[in-house]
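The values are calculated or read from the model by the stated rules, or taken from the named source; none is laboratory data. Everything numeric here is computed off the predicted structure, so don't read it as measured data. Positions of Cβ are backbone-derived with ideal geometry, glycine not excepted, and every protein chain shown enters the neighbour counts. Heavy atoms of the whole protein, side chains included, go into the accessibility calculation; ligands, DNA and RNA do not. Shrake-Rupley method; radii C 1.70, N 1.55, O 1.52, S 1.80 Å.
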Amino acid sequence: METKKNVEERVLKAKSGMGMLIFSILLILLCAPVIVVGVKIRLVGLGIVLGVILVLTGFILLGGLHIIHPNEALVLTLFGNYYGTLYDAGFYWIDPFCSAINPTAQSKIVQEKEKNSQLGKSEISISVSKKVSLKTMTLDNKKQKVNDALGNPVEIGIIVIWKVKNATWSVLNVENYKEYLSIQCDAVTRNAARNYPYDTAEEAEEKTLRGSSQEIADIMQDELQMKVVDAGIEVIDVRITHLAYAPEIASAMLQRQQATAIIDARQKIVEGAVGMVEMALNQLSENEIVELDEERKAAMVSNLLVVLCGNKDAQPIVNSGSIY
């Protein structure tokens, strides 16, 4: 299968527009003297024709004037062929027969018309600039329901910090680079969620969506950058902004987490209690405070474990008699 080659970008070095602006205005103003001269020399028809030609030429030349603001680019075509891209900010004159292209501008016009129709507004003319913005932008990929590596439904939302790096590729290689980025972002999010579980036991070393969110976000950034490089887009950063179990299993997963936490806490309590009992028996024996046979040691261990591991405070019972 033959792969499509990216368009080779041609950066334009356009002429300053101020000189051409003055020249075009002079051509238009020259129309009146030419007609007057034609009348005086009794060549009215020729004078009118020359005057009209001067006016049309002046207005045509004015159509080649363009203002480029900082962090903007203008992709131009001439009779259907790629002409070049203008990046430098300033006031320029370019071949007036060149036309600027930006598919996202047409998409924005359609969206505005649909919005006006829904609001019941009459049709109004909508003007949208066809310049390509090179500013850093944010894509807020709203939370979506996906399945993690264990098949559990989770909700995940991310934001992408991005900007257009190559305006030519953004305009000519894809239909709408903003929609293209959004769709690729959805695909990368689903793929990342499918490869990792939401959470695992503490002793597990594998990456999880909850415990390794920054590492997974970096992996998502690299994968997304590979997918949008042909669209001339640079992905600056990816961050996970929302991560939770889906509502239908959230309560069950919360109970499981609580049970796991209780078990882990009990395990720590028992380990500490055994150590304390062992220390108490050793110190009693080393200091020769009291000598206990095996049966009394077992009773003492049982009593201490009950006191240390119990959920409620123990009620002491004072034994005033002999323990034998």
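Open to solvent by 70 Å² or more (accessible area, probe 1.4 Å) and in contact with a Ser or Thr (Cβ under 9 Å, 6 or more places away or on another chain): does that describe K143?
In short, yes.
Rundown of residues vs (1) surrounded by 18 or more Cβ atoms within 10 Å (Cβ to Cβ); (2) touching a Pro at 6+ places or on another chain (Cβ under 7 Å); (3) assigned to a helix (DSSP H, G or I); (4) of a type in the set (S, T, Y), yes/no style:
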{"site": "L139", "(1), (2), (3), (4)": "no, no, no, no"}
{"site": "I158", "(1), (2), (3), (4)": "yes, no, no, no"}
{"site": "E179", "(1), (2), (3), (4)": "no, no, yes, no"}
{"site": "D186", "(1), (2), (3), (4)": "no, no, yes, no"}
{"site": "R190", "(1), (2), (3), (4)": "no, no, yes, no"}
{"site": "E206", "(1), (2), (3), (4)": "no, no, no, no"}
{"site": "M220", "(1), (2), (3), (4)": "yes, no, yes, no"}
{"site": "H242", "(1), (2), (3), (4)": "no, no, no, no"}
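Within the range 160-173, none of the residues are in contact with a strand residue (DSSP E or B) (Cβ under 7 Å, 6 or more places away or on another chain), farther than 30 Å from I68 by Cβ and charged (D, E, K, R). Filtered by the rule that a residue be open to solvent by 50 Å² or more (accessible area, probe 1.4 Å) and in a helix (DSSP H, G or I), the range 160-177 gives W169, L172.
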